[in-house]
Amino acid sequence: MSEETGLAGVRVVPLTAHADERGQFVEVFRDEWDTDLRPVQWNAVRSHAGVMRGVHVHVSHHDYLTVLAGTLVLGLHDLRPESPSAGLSSMLTIDAAAPVAVAIPPGVGHGFWFPEPSVHLYGVDRYWNVADELGCRYDEPALGLDWPVGADPLLSERDRVAPDYATMRAAYLTGSTR
């Protein structure tokens with residue numbers, strides 16, 4: 001269990017910022033760290049204040065993320081029936097000023113709320129596959145996530161028309177038995 005999240009397999013990796021008068025340097029990933037993944041792709045995402053991304057869950061790939069600028073509120077929900085933390089949810093605020101990385105295993109739903117303009121970096125250990133991209137509305141009560149969003153967060157079309165939690169969970173459970 002991650003002490004920070006209470007969810008099995010989710011790892012919060014403390015990162016060290018080396019700062020001087022010019023700025024700072026932060027190592028965000030080393031293959032030797034205990035993260036259970038080897039990224040094959042890295043993506044950088046810039047979000048405006050008020051953006052909500054997700055909630056998404058993956059059947060087979062791990063995510064590894066950090067915030068390079070700004071703040072991300074990370075909502076997590078464990079959909080894995082075999083997990084000791086099955087059904088549990090957690091919220092974690094990640095701020096670029098206090099760098100950490102989070103490794104998210106398959107089966108843990110995750111969504112991102114950006115209260116300010118932000119940039120986050122994430123790596124995945126498998127290439128994109130539509131069958132591995134499941135989601136539901138961020139405001140589904142079954143998620144148990146109390147998002148600090150306003151009345152009208154900025155959503156992608158995909159997230160705006162996402163199905164309900166039960167549909168996402170059923171798709172995950174069907175996909176996870178392949």
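Note down all Cβ pairs under 6 Å where the first residue falls in the range 24-47 and is in a strand (DSSP E or B), the second is open to solvent by less than 70 Å² (accessible area, probe 1.4 Å) and among the hydroxyl-bearing types (S, T, Y), and they're at least six residues apart or on different chains.
Correct list of pairs: N43/Y122; S47/S118.
Kindly indicate the residue of the range 120-160 that is closer than 23 Å to T5 by Cα and of a type in the set (V, I, T) and also least open to solvent (accessible area, probe 1.4 Å) among those meeting that condition.
Going through the qualifying residues, I end up with V124.
Kindly evaluate P163 against the criterion of being free of Cβ contacts under 8 Å to residues at least 40 places away in the same chain and either in a loop (DSSP other than H, G, I, E, B) or crowded, with 17+ Cβ neighbours inside 10 Å (or both).
yes
Can you name the condition, by its number, that T66 falls short on among (1) in contact with a strand residue (DSSP E or B) (Cβ under 6 Å, 6 or more places away or on another chain); (2) under 20 Å from R169 (Cα atoms)?
(2)
Tell me which of these D139 doesn't satisfy, since it passes every other one: (1) free of Cβ contacts under 8 Å to residues at least 24 places away in the same chain; (2) part of a helix (DSSP H, G or I).
Among (1) free of Cβ contacts under 8 Å to residues at least 24 places away in the same chain; (2) part of a helix (DSSP H, G or I), D139 violates only (2).
Within the range 58-113, can you find the residues that are small (G, A, S), open to solvent by less than 30 Å² (accessible area, probe 1.4 Å) and at negative phi?
Answer for the range 58-113, where residues must be small (G, A, S), open to solvent by less than 30 Å² (accessible area, probe 1.4 Å) and at negative phi: G75, S83, S85, S90, A96, A101, A103, G109, G111.
Which of (1) surrounded by fewer than 16 Cβ atoms within 10 Å (Cβ to Cβ); (2) over 24 Å from N43 (Cβ atoms) does P117 not meet, given it meets every other one?
If we test P117 against (1) surrounded by fewer than 16 Cβ atoms within 10 Å (Cβ to Cβ); (2) over 24 Å from N43 (Cβ atoms), just (2) comes out false.
The values are calculated or read from the model by the stated rules, or taken from the named source; none is laboratory data. None of these values were measured; they are calculated from a predicted model. A quick note on method: Cβ atoms are made from the backbone with ideal geometry, for glycine too, and the neighbour counts reach across all protein chains shown. Protein only, heavy atoms only, side chains kept; ligands, DNA and RNA dropped before computing areas. Shrake-Rupley method; radii C 1.70, N 1.55, O 1.52, S 1.80 Å.
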